[in-house]
Protein chains: 2
Amino acid sequence: MESQIFTYGQLNEFTIKMFRAIGCSDEDAALAADVLLSADLRGVDSHGIARLSGYVRLWEAGRVNADPEISIVHETPSTAVVDGDSGLGLVVAPNAMKIAIEKARQVGTGWVSVQNSNHYGIAARHAMMALEHDMIGISMTNASALVAPTFSVERLLGTNPICVAIPAGEEPAFVADMATTTAANGKLEILQRKKEAAPEGWIQDASGTGTTDAHALKNGGALLPLGGDREHGSHKGYALGAIVDIFSAVLSGANYGPWVPPFPAYVPMPTGMPGKGIGHFFGAMRIDAFRPASDFKHHMDNWIRRFRSAKSIKEDVPVIIPGDPERFLEKERAENGIPLLPAVVEDLQSIAKRFSIPF
Amino acid sequence: MESQIFTYGQLNEFTIKMFRAIGCSDEDAALAADVLLSADLRGVDSHGIARLSGYVRLWEAGRVNADPEISIVHETPSTAVVDGDSGLGLVVAPNAMKIAIEKARQVGTGWVSVQNSNHYGIAARHAMMALEHDMIGISMTNASALVAPTFSVERLLGTNPICVAIPAGEEPAFVADMATTTAANGKLEILQRKKEAAPEGWIQDASGTGTTDAHALKNGGALLPLGGDREHGSHKGYALGAIVDIFSAVLSGANYGPWVPPFPAYVPMPTGMPGKGIGHFFGAMRIDAFRPASDFKHHMDNWIRRFRSAKSIKEDVPVIIPGDPERFLEKERAENGIPLLPAVVEDLQSIAKRFSIPF
């Protein structure tokens, strides 16, 4: 079936109305829609409007507070722990990142660990908030356990993404946004829909053996950490996912490891949860806390140009800079619209009807 | 040929004398020896005393200043840029990390980017300085280009390691120390000595094609970023190596990308170098800048125990915590001595003779 194309404006209007309908303030609804749809614009379709009904169901299950009081639990000049009051991560995260940026303005850098939040969309949206302030932005979050550490049969980590956004001068910013797994879950879903096999090193089955069955995850298997297996460095992907988990949750007082609340509202909550909600971690570093921003940008441009002009293995496959593909898609989709799969359109029509919102 | 066993004390005494012989102060010689030999203790043999003659040759070539004036070029309450004055990285790095720790004491976190340094030994040694202060320690460095970014034939990045050291309570600390490549160069050297093939995903040949020839690196090939190829996430390893390069060098004013000075003194310096020496980046985050240290440690212990007790794929291959293997080796080697390969012993005998130091 063909995808259907929507303008950004259409999806934005609908998403804002939907978030208002569950009780978000006008301001929070607009912010949440902006954050959610940044994923669709940048081509991370798995984290965008396709998840809107999932957020609504979390609210219906009483797991999301649509009108949270986001507060600072503890702070120092360069740090804070923020309590998201069970709010939408789409709202909690940009507010926490704002605090990191304000602290960086004051003392050079700002670092904020967040407890009691929910899924926050794409990591890049929050890290990139730093760019217009001539700061480096860092964003990470834990997520419910789908990933098996090296040698583990059990799933103990989420796909735990890291984003680092670095400003440049004349060149576009460097924006690396990556799950700490070999492949993100969204890519696996694409293979499932196409009924194709997964490459080796992406997943293991319920016994902990590597498999190419794209459906293994649903049958008790697990995603693999970046590297795939020990010989190919999976202990490094495991360590990266663990660092994200600890910075986001052990530092803030959120849930970690196998206790992170699941996104689907029908999945029961883990038992014996040691913290509150999901955790995030944000950082902002003022460039001129290190060297004049103009010097830095000049050298970032030089860095980017040198890497972009590297001799490539094939003429039609150039060496690219992290963030290039998402930026190209963002421009293209802002101009030509956002394609949604039929299943996503149906899902949106269903919540539209339920909440009497035109779609 | 059999390895020869030396006590830590023997190697320490010799290394201190050697560093004194090239003009280091007593204090710097002791510090440099301690840092260098921490690699041998922790089993990272490629970065320990096996490199001592390499450091000496860098000094002979005028590329290392044995008596540097390490200074702060610019600072804010939470940041600093440090100029290593071409000193041994083994001395510059712990001094820069000390500044990060002092800033964390004052304002919660400290972040130091370093220019004009040289190779700094293992990343873990510096990050772990934070542990006794109940702080999280972060350490990274760039290095001369041996790694090809995804789709690149050219080598543009070093193996650019990242270490994150996180204190726990009753459990030993979490210490993840990793090159941002699939495999570190040291592992390749072991295969070369054994005349064995390398696993797929470790290296590419001079045309940019993946190869299992462990000697490909010497023949114009390159190490591959963590992930190996695009399908297995090498663009993530490339991004991680790039972030290390930018934090260490573009932020500090050191050389980056293909312009990082090589370790072997006989390799000519790159032309058109945009900065000074090699770059490092250090961070320290006070735990109680986020939450009480005792709470954090309690939850870190819980995190570690849950992961360590995970059901593993084979009974004799348990799930481990980053830092476990190095800690076991450190204990074992402190007790039973450090094995050195015959080639390393000969090399040390040769510099011992040249500088009239008993070995």
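Only one of the numbered conditions (1) in a loop (DSSP other than H, G, I, E, B); (2) touching a residue at least 12 places away in the same chain (Cβ under 8 Å); (3) crowded, with 18+ Cβ neighbours inside 10 Å is violated by residue A:310, and that is (2).
In the set (1) hydrophobic (A, V, I, L, M, F, W, C); (2) assigned to a loop (DSSP other than H, G, I, E, B); (3) modelled with pLDDT of 95 or more, the condition left unmet by residue B:244 is number (2).
Being modelled with pLDDT under 95 and open to solvent by 20 Å² or more (accessible area, probe 1.4 Å) narrows it down to one residue among A:47, A:74; which is it?
Working: A:74 fails: modelled with pLDDT under 95.
A:47 is the lone residue from the list that is modelled with pLDDT under 95 and open to solvent by 20 Å² or more (accessible area, probe 1.4 Å).
All conditions in (1) at pLDDT below 95; (2) assigned to a helix (DSSP H, G or I) hold for residue B:29, with the sole exception of (1). Filter region A:315-355 down to residues that are part of a loop (DSSP other than H, G, I, E, B) and without any contact (Cβ under 8 Å) to a residue 40 or more places away in the chain and give me whichever is least open to solvent (accessible area, probe 1.4 Å). Filtering region A:315-355 for residues that are part of a loop (DSSP other than H, G, I, E, B) and without any contact (Cβ under 8 Å) to a residue 40 or more places away in the chain, the one least open to solvent (accessible area, probe 1.4 Å) comes out as A:319. For region B:77-98, filtered to residues that are within 14 Å of chain A (Cβ to nearest Cβ) and farther than 15 Å from residue B:118 by Cα, the residue that is surrounded by the most Cβ atoms within 10 Å (Cβ to Cβ) is B:78.
Among the listed residues A:91, A:73, A:64, A:81, identify the single one that is of a type in the set (A, V, I, L, M, F, W, C) and part of a loop (DSSP other than H, G, I, E, B). Please lay out each step first, then the result.
Details: A:91 fails: part of a loop (DSSP other than H, G, I, E, B); A:73 fails: part of a loop (DSSP other than H, G, I, E, B); A:81 fails: part of a loop (DSSP other than H, G, I, E, B).
Among A:91, A:73, A:64, A:81, only A:64 is of a type in the set (A, V, I, L, M, F, W, C) and part of a loop (DSSP other than H, G, I, E, B).
What's the total number of residues in region B:1-16 that are among the aliphatic types (A, V, I, L, M), touching a strand residue (DSSP E or B) at 6+ places or on another chain (Cβ under 7 Å) and open to solvent by 40 Å² or more (accessible area, probe 1.4 Å)? Steps first, answer last, please.
Residues of region B:1-16 among the aliphatic types (A, V, I, L, M): B:1, B:5, B:11, B:16.
Filter once more, keeping what is touching a strand residue (DSSP E or B) at 6+ places or on another chain (Cβ under 7 Å): B:5, B:11.
From what's left, open to solvent by 40 Å² or more (accessible area, probe 1.4 Å): B:5.
Qualifying residue count, region B:1-16: 1.
Among the residues of region B:217-251, the one identified as surrounded by fewer than 24 Cβ atoms within 10 Å (Cβ to Cβ), facing chain A (nearest Cβ under 7 Å) and over 30 Å from residue B:112 (Cβ atoms) is B:231. Would a scan of region A:274-285 turn up a residue that is within 9 Å of chain B (Cβ to nearest Cβ), within 29 Å of residue A:121 (Cα to Cα), of a type in the set (A, V, I, L, M, F, W, C) and under 26 Å from the mean Cα position of the chain (by Cα)? Yes, that holds for at least one residue.
Looking only at region B:125-133, decide whether some residue is surrounded by fewer than 24 Cβ atoms within 10 Å (Cβ to Cβ), facing chain A (nearest Cβ under 8 Å), part of a helix (DSSP H, G or I) and modelled with pLDDT of 95 or more. No, the conditions are met nowhere in region B:125-133. Applying a threshold of 7 Å to beta carbon distances and a minimum spacing of six or more residues, or different chains, the list of pairs starting in region A:230-250 at a residue that is under 19 Å from residue B:124 (Cβ atoms) and in contact (Cβ under 8 Å) with a residue 40 or more places away in the chain and ending at one that is aromatic (Phe, Trp, Tyr) and not in a helix (DSSP H, G or I) reads A:247/A:281. Taking each residue of region B:191-216 that is in contact (Cβ under 8 Å) with a residue 24 or more places away in the chain and looking for partners that are in a helix (DSSP H, G or I) and surrounded by fewer than 17 Cβ atoms within 10 Å (Cβ to Cβ) with beta-carbon atoms closer than 7 Å, six or more apart or interchain, yields B:206/B:219; B:214/B:192.
Taking region A:134-152 as the range and being over 12 Å from the mean Cα position of the chain (by Cα) and away from chain B (no Cβ under 11 Å) as the test, the residues that pass are A:134, A:135, A:137, A:144, A:146, A:147. When region B:315-348 is limited to residues that are of a type in the set (Gly, Ala, Ser) and out of contact with any Ser or Thr (no Cβ under 8 Å at 6 or more places or on another chain), the one that is farthest from residue B:176 (Cα to Cα) turns out to be B:343. Here residue B:272 passes the criteria (1) assigned to a loop (DSSP other than H, G, I, E, B); (2) farther than 21 Å from residue A:294 by Cα; (3) not hydroxyl-bearing (Ser, Thr, Tyr) except the one numbered (2). Considering only residues of region B:153-163 that are in contact with a helix residue (DSSP H, G or I) (Cβ under 8 Å, 6 or more places away or on another chain) and surrounded by fewer than 23 Cβ atoms within 10 Å (Cβ to Cβ), which is nearest to the other protein chains (Cβ to nearest Cβ)? Checked region B:153-163; the qualifying residue nearest to the other protein chains (Cβ to nearest Cβ) is B:154.
One residue stands out among those in region B:286-325 that are under 19 Å from residue A:274 (Cβ atoms) and small (Gly, Ala, Ser): the one that is nearest to the other protein chains (Cβ to nearest Cβ), which is B:310.
Among the residues of region A:151-195, those identified as in a helix (DSSP H, G or I) and under 20 Å from residue B:229 (Cβ atoms) are A:186, A:187, A:188, A:190, A:191. All but one of (1) aromatic (Phe, Trp, Tyr); (2) in contact with a Pro (Cβ under 6 Å, 6 or more places away or on another chain); (3) at pLDDT below 95 hold for residue B:266, so report the exception by its number. (2) is the only condition that residue B:266 fails. Would you check if residue B:150 is touching a residue at least 40 places away in the same chain (Cβ under 8 Å), open to solvent by 10 Å² or more (accessible area, probe 1.4 Å), more than 22 Å from residue B:48 (Cα to Cα) and among the hydroxyl-bearing types (Ser, Thr, Tyr)? Judged against the criteria, residue B:150 is a match.
Kindly evaluate residue A:205 against the criterion of being over 29 Å from residue B:169 (Cβ atoms) and open to solvent by 60 Å² or more (accessible area, probe 1.4 Å). It is false that residue A:205 is over 29 Å from residue B:169 (Cβ atoms) and open to solvent by 60 Å² or more (accessible area, probe 1.4 Å).
When every residue of region A:86-98 is checked against the conditions, at least one turns out to be touching a residue at least 24 places away in the same chain (Cβ under 8 Å), within 30 Å of residue B:106 (Cβ to Cβ) and of a type in the set (Gly, Ala, Ser).
Of all residues in region A:102-117, which are surrounded by 21 or more Cβ atoms within 10 Å (Cβ to Cβ) and either assigned to a strand (DSSP E or B) or more than 8 Å from chain B (Cβ to nearest Cβ) (or both)?
Just the residues of region A:102-117 that are surrounded by 21 or more Cβ atoms within 10 Å (Cβ to Cβ), to begin with: A:103-104, A:107-117.
Within region A:102-117, A:103, A:104, A:109, A:110, A:111, A:112, A:113, A:114, A:115, A:116, A:117 qualify.
Determine whether residue A:268 is within 28 Å of residue A:89 (Cα to Cα), facing chain B (nearest Cβ under 7 Å) and surrounded by fewer than 24 Cβ atoms within 10 Å (Cβ to Cβ). Don't jump to the end; show me each part of the working.
Numbers: within 28 Å of residue A:89 (Cα to Cα): yes; facing chain B (nearest Cβ under 7 Å): no; surrounded by fewer than 24 Cβ atoms within 10 Å (Cβ to Cβ): yes.
In short, no.
Taking the condition among the acidic types (Asp, Glu) and more than 27 Å from residue B:135 (Cα to Cα), does residue A:67 pass? The answer is yes for residue A:67.
Would you check if residue A:39 is under 13 Å from the mean Cα position of the chain (by Cα) and closer than 23 Å to residue A:342 by Cβ?
It is true that residue A:39 is under 13 Å from the mean Cα position of the chain (by Cα) and closer than 23 Å to residue A:342 by Cβ.
Scanning region A:17-33 for residues that are without any contact (Cβ under 8 Å) to a residue 24 or more places away in the chain and surrounded by fewer than 21 Cβ atoms within 10 Å (Cβ to Cβ) yields A:20, A:26, A:27, A:30.
The values are calculated or read from the model by the stated rules, or taken from the named source; none is laboratory data. Here the structure is a predicted model, which is why all the values come from computation and not from measurement. As a convention, Cβ positions derive from the backbone with ideal geometry for all residues, glycine included, and neighbour counts pool all protein chains shown. Just so you know, the surface numbers come from the protein's heavy atoms only, side chains and all, with ligands and any DNA or RNA stripped out. Shrake-Rupley method; radii C 1.70, N 1.55, O 1.52, S 1.80 Å.
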